[in-house]
Amino acid sequence: MNDVQQLLLSHRSIRRFEPEALGDDLVQDLVRCGQAAATSSNLQAVTVIHVKDAAKRERLAALAGGQPYVAEAGAFLVFCADLHRARLACEAEGGTFCEGMTEHFLLATVDAALAAQNVVVAAESTGLGVCYIGALRNQPQAVADLLDLPRLVYPVFGLCLGRPAQDPEVKPRLPQAAVLGVDTYPGDAIPEAIRAYDEAMRAYYRRRTGGAKESWWSLEMKGLVGKEARPHMRSFLAERGFTMK
Ligand SMILES: Cc1cc2nc3c(=O)[nH]c(=O)nc-3n(C[C@H](O)[C@H](O)[C@H](O)COP(=O)(O)O)c2cc1C
C-alpha cells in the first residue's frame, strides 16, 4: 500500500472539531482539487457554497436535525448539483435546454459526489477531518432558500471540515466477497458476508460506545431501507426542474 492508499484506508468521519476556522486560501485549494475530479462530458455540474456566515451555519445545523458540528466545524461546504450554468451556456449558443431529463440529474449528482470526495481526500491528506451531511435534505427547500439557489440547482449534501478534536476508530466495511464480483454479480457470497459483517459491526458499536450501543449492520439497514426516506425529495426535485423524464 502506498501513502495515498493508506490515507484512503484511514478515513473515518469526524464529528468533533477544534474551533479554528479554515482560511479562505485553504478552502479554495481544496475546492480546486474538487474541480479537478473527472466530470461527465466536462459538464462540471457542481457548485460549492462555502458557508461562512455564523447565523446561516446555525440555521443549517438546525435544518440538518440539530447536528452541532455543522455550525462548529472549521468550514462548512454545501455541494450542489447544478444544471443552471449548462443551461445558460446552451441558450447563449441558441439552443433550447431540455429540462427534466433523468440522465442530466444523474450526471449532475454524480459530478457533485466526485468533486466532494476529491475535496475529502485532499482535506484528509492535510490532517483535516470531515463529515458529510446528507441531512441537509431533511428540509431541502429551506436550504435552497437560505443559499439563494436558482432553479436547476439542488443541495446534494453538506461537508464539515476541520481539525479533528476526536480520534475515532476506522469503521469496518463489508467483506469484499460481497462487494467485488468477478465476471458476475457476487450474489452467492452475500448471506455469509452479511453474517460476518453483522458480527464485526456489533463488536465495533460495543467498542465505540463502551457497550451502550447494541446494534449491527442488518438492524441498521432495517431502520434505513425498511421505511420511507425523505419522501418529499421527489416533489422538491420536480419543483427545482428535475422532473425525471
Ligand atoms: C452522502 C453522505 C451523507 C452523510 N450524512 C451524514 C449526516 O447527515 N450526519 C452524519 O453524522 N454523518 C453523515 N454521513 C457519514 C456516514 O454516516 C459515514 O460516512 C458512514 O457511517 C461510514 O462511516 P465513516 O465515514 O466513519 O467510515 C454521511 C455520509 C455520506 C457519504
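Largest mean-square fluctuation among TYR205, TYR132, TYR69, in a Gaussian network model of the chain whose springs join Cα atoms under 10 Å apart, belongs to TYR205. The distance separating the Cα centre of region 1-25 from that of region 154-170 comes to 8 Å. CYS90 contributes an accessible area of around 40 Å² to the protein surface, as traced by a 1.4 Å probe with all chains present.
The Cα trace of the chain gives Rg and Dmax of 19.6, 63 Å, the first to one decimal, the second as a whole number. Computed extension gain for ALA54 through VAL170, at 0.36 nm per residue and net of the alpha carbon distance, reaches 38.7 nm. Springs join every pair of Cα atoms under 10 Å in this Gaussian network model of the chain, and among ALA122, ALA64, ALA229 the largest mean-square fluctuation is at ALA229. On the basis of the beta-carbon distance and an R0 of 35 Å, VAL182 and GLN141 show a calculated FRET efficiency of 0.20.
Length gained on full extension, HIS11 to LYS227, computed as 0.36 nm times the residue gap minus the Cα-Cα distance: 74.9 nm. Accessible surface of SER41, taken over heavy atoms with a 1.4 Å probe and every protein chain present, rounds to 120 Å². Two tests apply to each whole DSSP H helix in the chain, Cα reach of 15 Å or more along its axis and mean Kyte-Doolittle hydropathy of at least 1.0, and none passes both.
Multiplying the residue separation of THR96 and ARG206 by 0.36 nm and removing their Cα-Cα distance gives an extension gain of 34.0 nm. Dividing the summed -39500 (n - 2.57) terms of all DSSP H runs of n ≥ 4 by the residue count of the chain sets its mean residue ellipticity at 222 nm at -13500 deg cm²/dmol. Using a Gaussian network model of the chain in which every pair of alpha carbons under 10 angstrom is joined by a spring, one finds that among ASP24, ASP183, ASP148 the greatest mean-square fluctuation is at ASP183.
The values are calculated or read from the model by the stated rules, or taken from the named source; none is laboratory data. Note that the coordinates shown come from a computational prediction; the quantities given were computed from them, not determined experimentally. Quick reminder, even Gly has a Cβ in these numbers, built from the backbone with ideal geometry, and neighbours come from all protein chains shown. Surface areas here come from the heavy atoms of the whole protein model, side chains and all, with no ligands, DNA or RNA. Shrake-Rupley method; radii C 1.70, N 1.55, O 1.52, S 1.80 Å.
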